[in-house]
Structure formats: structure tokens, C-alpha cells
Amino acid sequence: MRYLVCSVSGFLLMAFSTAGVAGDVEYGAYLSAECASCHRSGNDDGRQIPSIAGLAEETFLTVMRAYQSKTLENVAMQTIASGLDDEQLAALAAYFATLPTE
């Protein structure tokens, strides 16, 4: 029983600790190709997809979590966001925050 309690406690600690961990910028750069294909600056194809370069980390995370929970409506973004875990979201947020706004 003691091992079960330790395992559950360890799992919960790990699950909650990843939410506050700073994202790995290099990993975010690696993951960003799919994002950048639509969210590039100067996107003038009429779809009005915003650039996310320079977006504050907390704003990025808030928006992506809203897509994950389907609070924000956009089927493409809901699908993409639902495939990302906390580590990937933090990495992408950190990476996009380092880019200059245009």
C-alpha cells in the first residue's frame, strides 16, 4: 500500500510540476514548423491568420488551452492543440515569445 501511495503522489507531483516549467526554446523551434506554415507574418492569403511571433508565453498557453478545452472555436486549432502535451505547449510558447514581432 505504501508503494501505491508513493506512486500516486509521484505521479501527481510530476503532473502538476510540468505546468510551471519553463519551455525549452530549442524544442519549441523544432516543433514550430507546423505552426509557422499558417501563422507566418505578412500572411496575406485572405484567411486573416495572425502571426504568433513575439506572443507572450502566458497568452500563447491560455489560447492553446482554450482550444484544447474547445472554449475557442476553430476545428483545425482544436485538433492541433489537442495533440500537444504541456511540455510541447511550454516549448512552443517559449520559442514564439523569443521571436520579434513584425
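Read the figures in this text as sums done on the coordinates, not as results from a lab. Here the structure is a predicted model, which means the values were calculated and not measured. No Cβ is skipped: glycine too gets one built from the backbone with ideal geometry, and neighbour counts run over all protein chains shown.
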The range 50-60: number of residues that are surrounded by 15 or more Cβ atoms within 10 Å (Cβ to Cβ) and either within 17 Å of Glu34 (Cα to Cα) or touching a Phe, Trp or Tyr at 6+ places or on another chain (Cβ under 6 Å) (or both): 5
Any hit, the range 68-84, residues being aliphatic (A, V, I, L, M), under 8 Å from the mean Cα position of the chain (by Cα) and over 17 Å from Ala33 (Cα atoms): no
